[in-house]
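Engineer: Structure incoming, see below.
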Amino acid sequence: MPNATSVGADAYALATELFPICRSLTGPGVRETLRILQRELPDLTLHEVPSGTRCFDWTVPPEWSIREAYIADEDGRRVVDFANHTLHVVGYSTPVDAVMGLDELRPHLHSLPELPDAIPYVTSYYKERWGFCLSHRQLQSLAPGQYRVRIDSTLAPGSLTYGELLIPGQRDDEIFLSTYVCHPSMGNNELSGPVVTTEIARWLGSLKDRRYSYRIVFIPETIGSLVYLSRNLADMKRRIVAGFNVTCVGDDRAYSYLPSRQTDTLADRAALHSLRHQAGAEGFVRYSFLDRGSDERQYCSPGVDLPVATIMRSKYGAYPEYHTSLDDLSLISPAGLSGGISAIAKAILAIETNGRYRATVLGEPQLGRRGLYPTLGTRDGNLVVRKLMGVLAYSDGKHDLLAIADLMGVPVWELSEVAQQLLAHELLADCDAEQRQRDVKA
Amino acid sequence: MPNATSVGADAYALATELFPICRSLTGPGVRETLRILQRELPDLTLHEVPSGTRCFDWTVPPEWSIREAYIADEDGRRVVDFANHTLHVVGYSTPVDAVMGLDELRPHLHSLPELPDAIPYVTSYYKERWGFCLSHRQLQSLAPGQYRVRIDSTLAPGSLTYGELLIPGQRDDEIFLSTYVCHPSMGNNELSGPVVTTEIARWLGSLKDRRYSYRIVFIPETIGSLVYLSRNLADMKRRIVAGFNVTCVGDDRAYSYLPSRQTDTLADRAALHSLRHQAGAEGFVRYSFLDRGSDERQYCSPGVDLPVATIMRSKYGAYPEYHTSLDDLSLISPAGLSGGISAIAKAILAIETNGRYRATVLGEPQLGRRGLYPTLGTRDGNLVVRKLMGVLAYSDGKHDLLAIADLMGVPVWELSEVAQQLLAHELLADCDAEQRQRDVKA
Amino acid sequence: MPNATSVGADAYALATELFPICRSLTGPGVRETLRILQRELPDLTLHEVPSGTRCFDWTVPPEWSIREAYIADEDGRRVVDFANHTLHVVGYSTPVDAVMGLDELRPHLHSLPELPDAIPYVTSYYKERWGFCLSHRQLQSLAPGQYRVRIDSTLAPGSLTYGELLIPGQRDDEIFLSTYVCHPSMGNNELSGPVVTTEIARWLGSLKDRRYSYRIVFIPETIGSLVYLSRNLADMKRRIVAGFNVTCVGDDRAYSYLPSRQTDTLADRAALHSLRHQAGAEGFVRYSFLDRGSDERQYCSPGVDLPVATIMRSKYGAYPEYHTSLDDLSLISPAGLSGGISAIAKAILAIETNGRYRATVLGEPQLGRRGLYPTLGTRDGNLVVRKLMGVLAYSDGKHDLLAIADLMGVPVWELSEVAQQLLAHELLADCDAEQRQRDVKA
């Protein structure tokens, strides 16, 4: 497992570094972010997909760059300034440079009366418009008069950038992780996703004897997953045994689970197993696929049907600071990020340590003569051997270890240790290995 | 949907007209009732099935006619008189004309000590006997002495009469409705059934573009359904996709559901869907098939196995006035009947608007450029597009709209509107239509 | 059913007779016990399996005999004496005859500080050691000094002894009962098992027209079932339709159910049906297969997979006196044993009276003309015919009577009487008999 004390702090430091950068679907902020991630994960490769490229029903939009944006009053005082917060400008704003009265400006201003101190996060990727976001208090303090309004942005043919990391394992079968690099300066949604994924990737790289290969993508939401799917779908459908969408994994208020559309894939089973042992059987919120709102919308769409589940701390849309400037670095914490890392690592571990075995002897084996069972029969239940007996009793070639672990209420990685002992004593045979041998022969 | 304000009043007026007629399994009262229904539904055809006709394990009994019946005291005063209430005579009573003492008469008298003001409803269709029904108070007031007992009835070869209405739709597949015309002067059980069915039939006739054809029968209970099944079973098994037994749909105290024997047919799914939206998820009583007591006994019998469920207001046997003179026109009401009509219409609508679709593009389609999705991304969940996204996400060719609607907790007819929009944009394909095309080719 | 008043008393008298005998895995105490059971069940055959015989992963151990064992103090006073209680010696103790100080003796002494008056039950079948068991109070009263320690026992090639009884029925299909003869002087666990099984066997022998054959074994735990399985597995897998492990069926504090590993075999269905009618739906403890600890460990092991469930009173390990001298004849009672007998008999009866039928007529048959249904139709539900109608409605060749009985909440043996009536009227056909005829022809 990742080192619980250091990974949270490392992830938080990385989030702090990435926070000021103005990310969007495309543009220099995404590239700068990915280059910093590349520093952390040297094998991360960056891909550029030209504007205009078709991906299923969509088209990669023009690339957006922004250099400066502000609203200045008649005294030249910048009352709203992009330099202060990247959220002040509506994402993908077209350029503007004009002087106008408050009445004319007003339709271009977005605020949240119910959260008067928060700057909202607003975007307009696929319809050309411009706008500013500001706190409702700021909005109300604007006096009638003339304002200089300037957005020095470009919307022009360019490319969409994403990062991809393949960590090979013993098998070609893959576990898939997907997270976002398109959100500007926000904490839980969404610097937590890329920094937690970075720590997970580093931990996976350090694991010896990984069974599975890992395919990890850092993408802009929606258009990024559509681009990636349209390029890799056949390969993904053949190889991916389970995937996790990594988002909103940084605060310390809740653990959450959102299922795949199929609701019972290996990813779902692993996510639930992880959360039961990370947070307790009743210690996490179980959402329905109807509550979806992230890239499982693409990964689980009909015909795509990938086994992708989502493990979160406080879910997007389910906390008051969501999609505002209040979702900042104070909302996330090293402990919150560490919990997110741990929950995802446990789900991965559940799959890595899973297996399907069959008992090689009829009846219970005589464990006593192998030193695996006490030789003195007393009235005490033997807690030590309960796991051993459980694995043996259910190793019928149908139950996998994860199913046995869920029956017994114990972590699958603990049963895996027991299964290794029994394999060493030739009391179990590995059904999956036998199947792979048959596949090779056929 | 049927006009909620007028159908209840129309149904109640029809019940009031039919109330005094003495109906039974067979005879002039049934024919008179069916002729009045024919006035309302001109396409209703009447069928006569001769006494002695075999239907499965049964035989159509002799036809019963009754002209007069009374008990008169020594002063010639008619203390019990069929002219006052059709329930005063045991149904299918053989003729009698005699003078006898109270002791001899007593075994022929039926009353309900627990409901001293009610005349019970008693029949003896398949064993020859005669009898009178009277309130317990009446019974107790009978003084010892001689009584003139007269029932001027006939039990003779004739025929059983039923009504049948076929309303054609775009498809040969049928929805089946069955109700009773054998109950004498009672309200909820059973003038509500035929008058509600009449309103439903009229509404169905007025619908343009009905997908399904409708087979509607007005029959005497048990022997009528057995007669009808024995003549039409192969046809019914091939065509009927769902059926509803229409009984006890006139009072205003409850909504009730009684499943088919299989419990999960399309009729059951539609009935539950209707009642959840008509009465609320917890607003209706769910009976078990073990509580059955109506013609689902025949329609769901082994080997017949039709998908027939029952939607009711207060279920037969579950209200104190059941099968007595207290189940009169005051027990039912325009509002009660209107609710019954609405619940059955919604179940029909659930089937009419159901469908099975598949998404035509991989990933989510770009709804924004089709004007189906807001172009400004904000923090608000988009309630408007939730149905659209739900239909798209689950349109995998396996879930039908009814299943998606039940998942989402919304009425299927609302999703159907959304599905039509998506079909128009070619974002969905109609799996059932594709299947029918394949069937035609094959 | 067994006579409730006499079987409990008979079983208790037999337990009293067997109590003083020193039973173990092997040896004279087992043989003496089996010979007494043979007196009760003359057809019981005894089998001897030589030490060293392989059975799956195990080997039959040497035979153990013990003649005398005690600890005497310096005054020659026997402070612990096997003659007082068979539990005083660790089962399978090797011989010893020595004088030693308390310090040297101490590691050979077993007591239970938490139950200071109880002698624990300790064994060491597969590792050679010797030891004494005594109450913690006794242990604490031992003064420092020299003790004469003597165990006059033999561990030598011999044989393992078990009893087997086959009670033939109309069919070769078998119901299997298994119980223990290896526990020394204890009541609930385990004189209750063999004495209850003896009463059940006697009752089965007295039944006329048994459908099933019965295979009943009296064996030492674990090694006995492994020996029996290794000799009979193919036969058992072909013939056994349901089995019950009979253990802990003698006290009066609880009813308990422990499922087979598959959890839904005929044995499980019959056990649950029995307990629901013996103890009420909520009147018994439902354990998980994870709580197993008896020979279902062998019978339900992967590859063996026999349909064996366990019906108990207070389960082994779940009551404080378990595996100590406090589990004596005062813990069990005639009433407790009678309840155990009744629960197992009802499970057997559920299988004996089960059947799978199909209705021979379409629609409901006309029961009235066969005298099976009242000819007078009134408002009363007809409780008398509810079972009849239930059997008819669900006799579709798929539901068996046990499933119908569980749906209706009535005992299957009551439905069986109804089914016999309907078979006599040719309104049902026996699907199992039809299947057997087809099997014979094929």
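The values are calculated or read from the model by the stated rules, or taken from the named source; none is laboratory data. The shown structure was predicted, so the numbers you read here are calculated from the model rather than taken from an experiment. Neighbour counts run over all protein chains shown; Cβ positions are idealised from the backbone, glycine included. Quick note on the areas: whole protein, heavy atoms, side chains included, nothing else; ligands and nucleic acids left out. Shrake-Rupley method; radii C 1.70, N 1.55, O 1.52, S 1.80 Å.
Engineer: Which of the residues belonging to the stretch A:84-110 are surrounded by fewer than 21 Cβ atoms within 10 Å (Cβ to Cβ), farther than 12 Å from B:Gly377 by Cβ and in contact with a Ser or Thr (Cβ under 8 Å, 6 or more places away or on another chain)?
Structural biologist: A:His85, A:Thr94, A:Pro95
Engineer: Which members of the stretch A:5-35 meet the condition of being open to solvent by 20 Å² or more (accessible area, probe 1.4 Å), closer than 25 Å to A:Ser325 by Cα and not basic (Lys, Arg)?
Structural biologist: As a first pass, look at the stretch A:5-35 and keep what is open to solvent by 20 Å² or more (accessible area, probe 1.4 Å): A:5-6, A:9-10, A:12-13, A:16-17, A:19-20, A:22, A:28, A:31-32, A:35.
Cutting the leftovers down to closer than 25 Å to A:Ser325 by Cα gives us A:9-10, A:12-13, A:16-17, A:19-20, A:22, A:28, A:31-32, A:35.
Answer for the stretch A:5-35, where residues must be open to solvent by 20 Å² or more (accessible area, probe 1.4 Å), closer than 25 Å to A:Ser325 by Cα and not basic (Lys, Arg): A:Ala9, A:Asp10, A:Tyr12, A:Ala13, A:Thr16, A:Glu17, A:Phe19, A:Pro20, A:Cys22, A:Pro28, A:Glu32.
Engineer: Okay, moving on. Looking only at residues that are touching a residue at least 40 places away in the same chain (Cβ under 8 Å) and open to solvent by 40 Å² or more (accessible area, probe 1.4 Å) in the stretch B:111-129, which one is farthest from the other protein chains (Cβ to nearest Cβ)? Let's see the steps before the verdict.
Structural biologist: Applying the first criterion (touching a residue at least 40 places away in the same chain (Cβ under 8 Å)) to the stretch B:111-129 yields B:112, B:115, B:117-121, B:123, B:125-126.
In the following step, the residues that additionally are open to solvent by 40 Å² or more (accessible area, probe 1.4 Å) were identified as B:117, B:125-126.
Working: B:Asp117: 15, B:Tyr125: 7, B:Tyr126: 5 Å.
Looking at the filtered set, the residue picked out is B:Asp117.
Engineer: Which pairs do you get when a residue that is in contact (Cβ under 8 Å) with a residue 24 or more places away in the chain, found in the stretch A:320-339, comes within reach of a residue that is buried (at least 18 other Cβ atoms within 10 Å of the Cβ) and assigned to a strand (DSSP E or B), reach meaning Cβ atoms under 7 angstrom, with the pair 6+ apart or on two chains?
Structural biologist: A:His323/A:Pro120; A:Thr324/A:Pro120
Engineer: Given C:Leu204, C:Leu233, which one is of a type outside the set (S, T, N, Q) and touching a Lys or Arg at 6+ places or on another chain (Cβ under 7 Å)? Give the steps one after another, and end with the answer.
Structural biologist: Values: C:Leu233 fails: touching a Lys or Arg at 6+ places or on another chain (Cβ under 7 Å).
Just one listed residue meets the conditions, C:Leu204.
Engineer: Against the condition crowded, with 17+ Cβ neighbours inside 10 Å, touching a strand residue (DSSP E or B) at 6+ places or on another chain (Cβ under 9 Å), within 11 Å of another protein chain (Cβ to nearest Cβ) and of a type outside the set (Lys, Arg), how does C:Gly158 come out, does it pass? First the steps, then the outcome.
Structural biologist: Numbers: crowded, with 17+ Cβ neighbours inside 10 Å: yes; touching a strand residue (DSSP E or B) at 6+ places or on another chain (Cβ under 9 Å): yes; within 11 Å of another protein chain (Cβ to nearest Cβ): no; of a type outside the set (Lys, Arg): yes.
No; evaluated as a whole, the condition is false for this residue.
Engineer: In the set C:Ser260, C:Ser274, which member is in a loop (DSSP other than H, G, I, E, B) and open to solvent by less than 30 Å² (accessible area, probe 1.4 Å)?
Structural biologist: Numbers: C:Ser274 fails: in a loop (DSSP other than H, G, I, E, B).
Only one candidate qualifies: C:Ser260.
Engineer: Now for a different question. Within 14 Å of chain B (Cβ to nearest Cβ), over 30 Å from A:Thr353 (Cβ atoms), modelled with pLDDT of 95 or more and open to solvent by less than 70 Å² (accessible area, probe 1.4 Å): is that true of A:Phe56 in this structure? Walk me through it before giving the result.
Structural biologist: Details: within 14 Å of chain B (Cβ to nearest Cβ): yes; over 30 Å from A:Thr353 (Cβ atoms): yes; modelled with pLDDT of 95 or more: yes; open to solvent by less than 70 Å² (accessible area, probe 1.4 Å): yes.
It is true that A:Phe56 is within 14 Å of chain B (Cβ to nearest Cβ), over 30 Å from A:Thr353 (Cβ atoms), modelled with pLDDT of 95 or more and open to solvent by less than 70 Å² (accessible area, probe 1.4 Å).
Engineer: When you go through (1) open to solvent by 30 Å² or more (accessible area, probe 1.4 Å); (2) at pLDDT 95 or above; (3) out of contact with any Gly (no Cβ under 9 Å at 6 or more places or on another chain) one by one for C:Trp203, which number turns out not to apply?
Structural biologist: Exception for C:Trp203: condition (1).
Engineer: Working only within the stretch C:352-368, note down all residues that are over 29 Å from C:Tyr212 (Cβ atoms) and either more than 7 Å from chain B (Cβ to nearest Cβ) or modelled with pLDDT of 90 or more (or both).
Structural biologist: Initially, the stretch C:352-368 is screened for residues over 29 Å from C:Tyr212 (Cβ atoms), giving C:361-368.
Selection gives C:Val361, C:Leu362, C:Gly363, C:Glu364, C:Pro365, C:Gln366, C:Leu367.
Engineer: Between A:Leu139, A:Leu155, A:Leu177, A:Leu166, which is out of contact with any Cys (no Cβ under 8 Å at 6 or more places or on another chain), in contact (Cβ under 8 Å) with a residue 24 or more places away in the chain and assigned to a helix (DSSP H, G or I)? Show your work before the answer.
Structural biologist: Details: A:Leu155 fails: assigned to a helix (DSSP H, G or I); A:Leu177 fails: assigned to a helix (DSSP H, G or I); A:Leu166 fails: assigned to a helix (DSSP H, G or I).
The conditions single out A:Leu139.
Engineer: Run down A:Leu139, A:Leu155, A:Leu165, A:Leu160 and say which single residue is of a type in the set (A, V, I, L, M, F, W, C) and within 15 Å of A:Val80 (Cα to Cα).
Structural biologist: A:Leu139
Engineer: Among the residues of the stretch A:209-232, are any free of Cβ contacts under 8 Å to residues at least 40 places away in the same chain, under 19 Å from A:Asp173 (Cα atoms) and either in a loop (DSSP other than H, G, I, E, B) or under 18 Å from the mean Cα position of the chain (by Cα) (or both)?
Structural biologist: Scanning the stretch A:209-232, I find at least one residue that is free of Cβ contacts under 8 Å to residues at least 40 places away in the same chain, under 19 Å from A:Asp173 (Cα atoms) and either in a loop (DSSP other than H, G, I, E, B) or under 18 Å from the mean Cα position of the chain (by Cα) (or both), so the answer is yes.
Engineer: Now, a different point. Can you list the helices (runs of 4 or more DSSP H) found entirely within the stretch C:352-442 that contain at least 2 residues being surrounded by fewer than 17 Cβ atoms within 10 Å (Cβ to Cβ) and more than 37 Å from the chain's Cα centre (by Cα)? Even if it seems obvious, please write down each step before you answer.
Structural biologist: Details: elements: C:383-394, C:401-408, C:412-424, C:431-441.
Where helices (runs of 4 or more DSSP H) fall fully within the stretch C:352-442 and carry at least 2 residues being surrounded by fewer than 17 Cβ atoms within 10 Å (Cβ to Cβ) and more than 37 Å from the chain's Cα centre (by Cα), they are C:383-394.
Engineer: Further question: Of all residues in the stretch B:280-293, which are within 14 Å of chain C (Cβ to nearest Cβ), at pLDDT below 95 and in a loop (DSSP other than H, G, I, E, B)? Break it down stepwise before answering.
Structural biologist: Quick first cut of the stretch B:280-293, residues within 14 Å of chain C (Cβ to nearest Cβ) only: B:287-293.
Subsequent filtering for residues that are at pLDDT below 95 retains B:290-293.
Passing the criteria: B:Arg292, B:Gly293.
Engineer: When the residues of the stretch B:208-234 are narrowed to those that are touching a strand residue (DSSP E or B) at 6+ places or on another chain (Cβ under 9 Å) and open to solvent by 10 Å² or more (accessible area, probe 1.4 Å), which ends up farthest from the other protein chains (Cβ to nearest Cβ)? I'd like the intermediate steps shown before the answer.
Structural biologist: Keep residues of the stretch B:208-234 that are touching a strand residue (DSSP E or B) at 6+ places or on another chain (Cβ under 9 Å), which gives B:210, B:212-232.
Next cut, open to solvent by 10 Å² or more (accessible area, probe 1.4 Å) only: B:210, B:212-213, B:221-222, B:230-232.
Working: B:Arg210: 29, B:Tyr212: 25, B:Ser213: 24, B:Glu221: 10, B:Thr222: 8, B:Ser230: 8, B:Arg231: 12, B:Asn232: 12 Å.
If we take residues in the stretch B:208-234 being touching a strand residue (DSSP E or B) at 6+ places or on another chain (Cβ under 9 Å) and open to solvent by 10 Å² or more (accessible area, probe 1.4 Å), then B:Arg210 is farthest from the other protein chains (Cβ to nearest Cβ).
Engineer: Can you tell me which residue within the stretch B:307-317, out of those that are touching a strand residue (DSSP E or B) at 6+ places or on another chain (Cβ under 9 Å) and farther than 11 Å from B:Asp251 by Cβ, is most open to solvent (accessible area, probe 1.4 Å)?
Structural biologist: Filtering the stretch B:307-317 down to residues touching a strand residue (DSSP E or B) at 6+ places or on another chain (Cβ under 9 Å) leaves B:307-315.
Still in the running and farther than 11 Å from B:Asp251 by Cβ: B:307-311.
Details: B:Pro307: 21, B:Val308: 1, B:Ala309: 0, B:Thr310: 0, B:Ile311: 3 Å².
Looking at the filtered set, the residue picked out is B:Pro307.
Engineer: Applying the selection to the stretch B:82-101, what residues are touching a residue at least 12 places away in the same chain (Cβ under 8 Å) and polar (S, T, N, Q)? Steps first, please.
Structural biologist: Looking only at the stretch B:82-101, we keep the residues that are touching a residue at least 12 places away in the same chain (Cβ under 8 Å), and these are B:82-83, B:85-101.
Hits for the stretch B:82-101 are B:Thr86, B:Ser93, B:Thr94.
Engineer: Tally time: how many residues in the stretch B:294-306 are assigned to a loop (DSSP other than H, G, I, E, B), open to solvent by less than 20 Å² (accessible area, probe 1.4 Å) and not aliphatic (A, V, I, L, M)? Give the derivation first.
Structural biologist: Looking only at the stretch B:294-306, we keep the residues that are assigned to a loop (DSSP other than H, G, I, E, B), and these are B:294-295, B:300-306.
Filter once more, so that each one left must be open to solvent by less than 20 Å² (accessible area, probe 1.4 Å): B:294-295, B:300-302, B:304, B:306.
If we keep only those that are not aliphatic (A, V, I, L, M) as well, we get B:294-295, B:300-302.
Of the residues in the stretch B:294-306, 5 are assigned to a loop (DSSP other than H, G, I, E, B), open to solvent by less than 20 Å² (accessible area, probe 1.4 Å) and not aliphatic (A, V, I, L, M).
Engineer: Right, here's the next one. Conditions first: (1) at pLDDT below 95; (2) loosely packed, with under 14 Cβ neighbours inside 10 Å. A:Pro2 passes all but one, so which condition is the exception?
Structural biologist: (2)
Engineer: For C:Pro62, which of the numbered conditions (1) surrounded by fewer than 18 Cβ atoms within 10 Å (Cβ to Cβ); (2) within 21 Å of C:Ile21 (Cα to Cα) fails to hold?
Structural biologist: Here C:Pro62 meets the rest and fails (1).
Engineer: Out of all the residues in the stretch A:171-190, which are under 15 Å from A:Gly250 (Cα atoms) and among the small types (Gly, Ala, Ser)?
Structural biologist: Across the stretch A:171-190, the qualifying residues are A:Ser185, A:Gly187.
Engineer: Return the residue satisfying two criteria in turn: it lies in the stretch A:324-351 and is of a type in the set (D, E, K, R) and open to solvent by 20 Å² or more (accessible area, probe 1.4 Å), and of such residues it is nearest to the other protein chains (Cβ to nearest Cβ).
Structural biologist: Step one: filter the stretch A:324-351 for residues of a type in the set (D, E, K, R), giving A:327-328, A:346.
From the residues that got through so far, the ones that are open to solvent by 20 Å² or more (accessible area, probe 1.4 Å) too are A:328, A:346.
Numbers: A:Asp328: 15, A:Lys346: 22 Å.
Checked the stretch A:324-351; the qualifying residue nearest to the other protein chains (Cβ to nearest Cβ) is A:Asp328.
Engineer: Which condition number in (1) within 30 Å of C:Pro113 (Cβ to Cβ); (2) assigned to a loop (DSSP other than H, G, I, E, B); (3) among the basic types (Lys, Arg) is the one that A:Lys315 fails?
Structural biologist: (1)
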